[in-house]
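The values are calculated or read from the model by the stated rules, or taken from the named source; none is laboratory data. Given the structure is predicted, the values throughout are model-derived calculations rather than measurements. Glycine gets a Cβ as well: all are built from the backbone with ideal geometry, and neighbour counts include every protein chain shown. Just the protein is used for accessible areas: all its heavy atoms, side chains included, with ligands, DNA and RNA removed. Shrake-Rupley method; radii C 1.70, N 1.55, O 1.52, S 1.80 Å.
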Amino acid sequence: MSRYFTEDHEWIDVDGDTGTVGISDYAQSQLGDIVFVEVPDAGRALGKGDEAAVVESVKAASDVYSPVSGNVLEGNPALTDEPALVNSDPEGEGWFFKITLSDASELDALMDETAYAAFVAKL
């Protein structure tokens, strides 16, 4: 499995043609306590960079963008009842949605973990 990051602080774990998408630990720390998450419905078609989900915290609301194009397989149902999973496990159980990649070459424009860490260090 490979993990990639966007400059908007989304991550995607890729396994074959399926990606699991969430926001980085850095992003959740900037948002503060998460109080609401809206994930996309299964079957929704997304283009790379499309608004895919919404996350609201005590500080602000923010959009979550799809790092790749594809069709949503499922939204994380656990976030409906427990949005704080995004704070406690942002790069694990706090994932937002799973997507079937329609163009794996889109991953080439994303950062690996080392490049993302260097990017965040400059913020």
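If you take the residues in the stretch 110-123 that are part of a helix (DSSP H, G or I) and either free of Cβ contacts under 8 Å to residues at least 60 places away in the same chain or within 14 Å of GLN28 (Cα to Cα) (or both), which one is least open to solvent (accessible area, probe 1.4 Å)?
VAL120
Is there any pair linking a residue in the stretch 81-109 that is open to solvent by 60 Å² or more (accessible area, probe 1.4 Å) to one that is of a type in the set (Phe, Trp, Tyr) and in a helix (DSSP H, G or I), with Cβ under 7 Å and at least six apart or on different chains, and which?
Matching pairs, first to second residue: none at all.
Select from the stretch 11-44 the residues that are among the acidic types (Asp, Glu), part of a strand (DSSP E or B) and more than 16 Å from LEU79 (Cα to Cα) and list them in ascending order.
Within the stretch 11-44, the subset among the acidic types (Asp, Glu) is 13, 15, 17, 25, 33, 38, 41.
Filter once more, so that each one left must be part of a strand (DSSP E or B): 13, 15, 38.
Of everything in the stretch 11-44, those that are among the acidic types (Asp, Glu), part of a strand (DSSP E or B) and more than 16 Å from LEU79 (Cα to Cα) turn out to be ASP13, ASP15.
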